[in-house]
Amino acid sequence: MDVLDASEWIPRRDRHRARVSALIGPHLERRERGETHPVIDFLFTYYSYRPNQLLRWHPGWGTVLAGGQEYAELRGYHRTDAGVTVDPEFLQRRSDTVAFTARLMEATAGRPTHLSCFGLHEWAMVYRSDEVRHGSVPLRLGPGGTDSVVESLNLRCTHYDAFRFFTPAAEPRNSEPLTRDDQLGREQPGCLHASMDLYKFCYKLAPMIDSDLTVDCFELALAARELDMRASPYDLTAYGYTPIPIETPHGRAEYVREQSALADRAAPLRAALRDRCNRLLATVSP
């Protein structure tokens, strides 16, 4: 166990809070004014980690906070003679989730990178539907134009949590049906949502995963969400987002370049999460 004196861990806690505050400050200000945002709010609605949870620093497994009274009553911690640290019994209870995460990270990294989906999942979510998922935000090409794009290109979604929001008319157009049980066998590293979900798996394992990795993955999720929505059928120019017109060859090429860059950025984070999970599993009692 690595024991941190208060003079070491309190500055780290404060730097973390400042880093996160810079990232989510505009969201919190909008929320205070009662304003919604069709791009950024997703990180706090679809994902269940609340801003106050993201603001709290966790040192991760194997670190003892000398003193550490503010952590003593938090879920997943316990007090020792040296200070406060993550409770081994909490790890024992969460070991199945840790093991699944390790397997998913390994399986995803081991597959070829596919970059031919062109972000069409958002288009498939409104295909032949009278409902628009983002309220008052208009469709760039209108309903008919949006449907035509879906019909002119192949749907190749590999991520179940995107596929499950397809309209009934769009589901059979996907290259293959997806189920939750198939996740370990289908997830691949080029998928924007697989990269975005690294953040989800980090916070699901809090406080065992250190906040440095969690915030790195949150920053990646922010970038992935922006690309996701720039390539979507929505006209978000009023919010300052330049569309990527994936209905054109030029737009599809731009999307693939950006998608590839995000996949490259996600790879070391996925490996880091896998390694942390494997270290946790190495300490679990049989």
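The values are calculated or read from the model by the stated rules, or taken from the named source; none is laboratory data. Keep in mind that what you see is a predicted model, and the values were worked out from it rather than measured. Reconstructed Cβ throughout: ideal geometry from the backbone, glycine too, with neighbour counts over all protein chains shown. Just the protein is used for accessible areas: all its heavy atoms, side chains included, with ligands, DNA and RNA removed. Shrake-Rupley method; radii C 1.70, N 1.55, O 1.52, S 1.80 Å.
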Selection within region 255-273 - touching a Lys or Arg at 6+ places or on another chain (Cβ under 9 Å) and either free of Cβ contacts under 8 Å to residues at least 12 places away in the same chain or not acidic (D, E) (or both): Y255
Restricting region 223-265 to residues that are over 16 Å from the mean Cα position of the chain (by Cα) and basic (K, R), the residue that is farthest from L120 (Cα to Cα): R257
Complete set of residues in region 127-162 that are closer than 18 Å to L236 by Cβ and among the small types (G, A, S): G135, S136, G142, G145
Selection within region 198-237 - without any contact (Cβ under 8 Å) to a residue 60 or more places away in the chain and open to solvent by 10 Å² or more (accessible area, probe 1.4 Å): D216, A223, R230, T237
Those helices (runs of 4 or more DSSP H) lying entirely in region 130-204 with at least 1 residues over 24 Å from the mean Cα position of the chain (by Cα) and of a type in the set (A, V, I, L, M, F, W, C): 142-152
Given (1) among the charged types (D, E, K, R); (2) at pLDDT below 95; (3) surrounded by 16 or more Cβ atoms within 10 Å (Cβ to Cβ), number of the condition D147 does not satisfy: (2)
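When only residues in region 238-277 that are out of contact with any Leu (no Cβ under 8 Å at 6 or more places or on another chain), of a type in the set (K, R) and crowded, with 17+ Cβ neighbours inside 10 Å count, which is nearest to C191 (Cα to Cα)?
Among residues in region 238-277 that are out of contact with any Leu (no Cβ under 8 Å at 6 or more places or on another chain), of a type in the set (K, R) and crowded, with 17+ Cβ neighbours inside 10 Å, the one nearest to C191 (Cα to Cα) is R252.
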Hits in region 177-188 (condition: in contact (Cβ under 8 Å) with a residue 60 or more places away in the chain and either out of contact with any helix residue (DSSP H, G or I) (no Cβ under 7 Å at 6 or more places or on another chain) or surrounded by fewer than 20 Cβ atoms within 10 Å (Cβ to Cβ) (or both)): Q183, L184, G185, Q188
Extreme residue, least open to solvent (accessible area, probe 1.4 Å), among residues of region 159-175 that are more than 20 Å from D197 (Cβ to Cβ) and charged (D, E, K, R): E171
S7 among the hydroxyl-bearing types (S, T, Y), surrounded by fewer than 18 Cβ atoms within 10 Å (Cβ to Cβ), over 21 Å from Y199 (Cα atoms) and in contact (Cβ under 8 Å) with a residue 24 or more places away in the chain: no
